[in-house]
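The values are calculated or read from the model by the stated rules, or taken from the named source; none is laboratory data. Quick caveat, the model's predicted, so the values are computed rather than measured. Quick reminder, even Gly has a Cβ in these numbers, built from the backbone with ideal geometry, and neighbours come from all protein chains shown.
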Amino acid sequence: MTTFRILITAAVLAVGVVAGARAETVLRLSTWVPPEHELNRTVFPTWARQVQWATGGRVRVEIAHNLAPPNRQFELIRDGRADVGYVFHGYYPDRFLLPQMAELPGTGVDQVASSVALWRIYQQHCAAAGEHQGVTVIGMMLHGPGVLHLKSPVTQLADLRQRRVRVPGGVSMAIGAALGIVPVSLPPTQVYMALVDGRAEGAFLPMESKESFRIKDVARYSLLMPAGFYDGSFAIVANSARLAALQPNDREALLSVSGERLSALAGRAWRAADLAGRIAAEAAGNIIAVADAGMELEFEAIFGPIEAAWITRTTRERGIDARRILAEYRAIARTFAE
């Protein structure tokens, strides 16, 4: 090969490398929980690797922290200031009525089953309602059963009246009102300091928060309701325009590792995080109490009307048979097997 041909070949290869570099698309994923949270340790890095592998390295996911407060994540993704993120439905209770079916207590399954069931029901019945209009839903997930973490114990539900308790929103807000608590609206990232400075005497959070948000250090008593006080639902979403701009094969590859697969991945992480949080809390000397039969019966009487009210409102405002869809969701969740 002549020197000239060698130079030409090298130049062509160099152009190919540059073109390949330019072809890489970077999607910025917004996360707002602490870096050591299981979502950041497991779920999003795993999904990012799956996306990169499925697209042959043409799409890379970059995880970015604290781009917006937890209750502004929907707008962040919708407006394109981040490409992917997760939205806690409870921060938008009037917009997201349908996901509240999964937040109602009493389904009695773990986070994997509930996350997969919510994804399937969303696909079958809820996507057409347009509650997530402005973004594209690529997964659903639920954290573990809501637990009442307190600075001092209670012996009956009546003891909660007039206590200042952090409530996340959605179904938990209705539960809190029925219990007579004084609601304190805060993202989980601010609960620790609210418990320290006295703005709150307790907080509704899943068990994993004992470790991830250091609640074990400031609320050393926790009350578990066998049915759960509530569940918390999230949508994992992408900016629709950014997703549409991907090459069709890359978009299909990304979606192939999302959906039910991503929902189950997230559910497993939430389940593992709850276990780790409980172990850490007990090692720190926290008292984990389970509501007795009397408390449980009293609570069932409380959440029954809340469920009925959700069915009535959702049927009226969304034009669907909410009772039937709730029953379908619970049937899927209760029969799901990994």
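Data overview
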| quantity | calculated |
| --- | --- |
| Count of the range 1-53 residues which are farther than 21 Å from Arg81 by Cβ, modelled with pLDDT of 50 or more and part of a helix (DSSP H, G or I) | 11 |
| Where Tyr221 falls short, out of the listed (1) among the aromatic types (Phe, Trp, Tyr); (2) crowded, with 18+ Cβ neighbours inside 10 Å; (3) in the same structural domain as Leu179 (by TED's automatic domain parsing) | (2) |
| Test result for Gly267, under 28 Å from Ala129 (Cα atoms), within 25 Å of the chain's Cα centre (by Cα), touching a residue at least 40 places away in the same chain (Cβ under 8 Å) and in a helix (DSSP H, G or I) | yes |
| Selection status of Gly56, of a type in the set (Gly, Ala, Ser), modelled with pLDDT under 95 and under 23 Å from Gln247 (Cβ atoms) | no |
| Test: residue in the range 326-337 that is assigned to a loop (DSSP other than H, G, I, E, B) and among the aliphatic types (A, V, I, L, M) | yes |
| Among (1) without any contact (Cβ under 8 Å) to a residue 60 or more places away in the chain; (2) closer than 18 Å to Ala174 by Cα - the single one Tyr192 does not satisfy | (2) |
| Scope the range 132-142; condition closer than 26 Å to Arg324 by Cβ, touching a residue at least 40 places away in the same chain (Cβ under 8 Å) and not β-branched (Val, Ile, Thr); matching residues | His132, Gly139, Met140, Met141, Leu142 |
| Candidate set: the range 187-218, residues that are surrounded by fewer than 20 Cβ atoms within 10 Å (Cβ to Cβ) and touching a helix residue (DSSP H, G or I) at 6+ places or on another chain (Cβ under 6 Å); chosen: the one nearest to Pro153 (Cα to Cα) | Val218 |
| Tally of residues being under 24 Å from the mean Cα position of the chain (by Cα) and farther than 14 Å from His149 by Cα across the range 274-300 | 4 |
| Residue tally, condition under 16 Å from Thr42 (Cβ atoms) and either among the small types (Gly, Ala, Ser) or not in a helix (DSSP H, G or I) (or both), over the range 270-284 | 4 |
| So Ala68, is it under 21 Å from Thr25 (Cβ atoms), part of a loop (DSSP other than H, G, I, E, B) and over 13 Å from the mean Cα position of the chain (by Cα) | no |
| Segments classed as strands (runs of 3 or more DSSP E), wholly inside the range 111-206, with at least 3 members that are over 30 Å from Ser258 (Cα atoms) and either assigned by TED's automatic domain parsing to the domain that holds Ser240 or of a type outside the set (Val, Ile, Thr) (or both) | 147-150 |
| Verdict on Glu260 being surrounded by 13 or more Cβ atoms within 10 Å (Cβ to Cβ), in the same structural domain as Leu39 (by TED's automatic domain parsing) and charged (D, E, K, R) | yes |
| Output for the range 212-257, where each listed residue is farther than 20 Å from Ala102 by Cα, touching a residue at least 60 places away in the same chain (Cβ under 8 Å) and not in a helix (DSSP H, G or I) | Phe213, Val218, Ala219, Arg220, Tyr221, Ser222, Leu223, Ala238, Asn239, Leu246, Gln247, Val257 |
| Unmet requirement for Gly169, which otherwise passes all of (1) under 16 Å from the mean Cα position of the chain (by Cα); (2) modelled with pLDDT of 95 or more | (2) |
| Cross-chain or 6+ apart pairs with Cβ under 6 Å, the range 146-172 first and farther than 25 Å from His89 by Cα, then part of a loop (DSSP other than H, G, I, E, B) and among the acidic types (Asp, Glu) | Lys151/Glu201 |
| Sole residue being touching a Ser or Thr at 6+ places or on another chain (Cβ under 7 Å) and either in the same structural domain as Val171 (by TED's automatic domain parsing) or of a type in the set (A, V, I, L, M) (or both), chosen from Leu76, Leu104 | Leu76 |
